[in-house]
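Reading through the structure tokens given below for one structure.
The values are calculated or read from the model by the stated rules, or taken from the named source; none is laboratory data. Treat the numbers as computed from the prediction; the structure is a model and nothing was measured. Neighbour counts are summed over all protein chains in view; Cβ atoms, including those assigned to glycine, are modelled from backbone coordinates with ideal geometry. Side chains are part of the model used for accessible areas, which takes the heavy atoms of the whole protein and leaves out ligands, DNA and RNA. Shrake-Rupley method; radii C 1.70, N 1.55, O 1.52, S 1.80 Å.
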Amino acid sequence: HEFGREDHGVSYKFGEAFSNRAIGKLSSACIVVSNALAEKYGRYIAPSKLTVIYPSMHRAQSAGTDSNSASTPVPARSGRFRLVIVGGLVEGKGQADALRAMAYLMQGGADAELFILGEGSPAYRSSLDEIVRSSALADRVRFCRSRDRCSAISADRRPRPCLFEIRRLWARHDRSHVGGKAVVGAASGATPELVIDGL
């Protein structure tokens, strides 16, 4: 699911090459979430065993989950510029950078707010809270864990699981990961597979 050493600084106890080759030999199939990961692990695992399956948060094409469905109306946005970042709370996902960017926007007089959806390292979350406190962003930043019910960001204020609200959030925010909204992403890892420049 992740690169490991490259994006989060984690490594295998018995070394990357040995561990990944062992995974390949002991597995009949291995699933990765991007072609970039398939390329990395293809150095150790037979390509015939590797299958790319993108994460489940990608758009499902069914009437019941269609963002244009009458069951999921898109609420009118307020005048405040809205941003959302979705991902595990780990340093490599860039939430700290997003908070610093928010502070920069606020210094420039922008009327904006940031929603951070995800969970992970308590220590990293504490460091994010400190950035929020020291940058006076408390009324501009909202955290939500994927397993929580998030009435704060629900269109009609009724609590719903975040997992099922993500597409509604994409529709309501100005800079988000997907959903026909403008995206900011690094040209590394799997991001180039998910973002088409100029569209």
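The chymotrypsin sites (Phe, Trp or Tyr not before Pro) of the range 1-35 that DSSP puts in a loop, and whose beta carbon has at most 10 other beta carbons within 10 Å, are Phe14. When the surface is traced with a 1.4 Å probe over the full set of protein chains, Ile53 keeps roughly 90 Å² accessible. Using a probe of 1.4 angstrom, how much of the accessible area of the range 88-151 is carbon and sulfur, in percent? Answer for the range 88-151: carbon and sulfur cover 48 percent of the accessible area.
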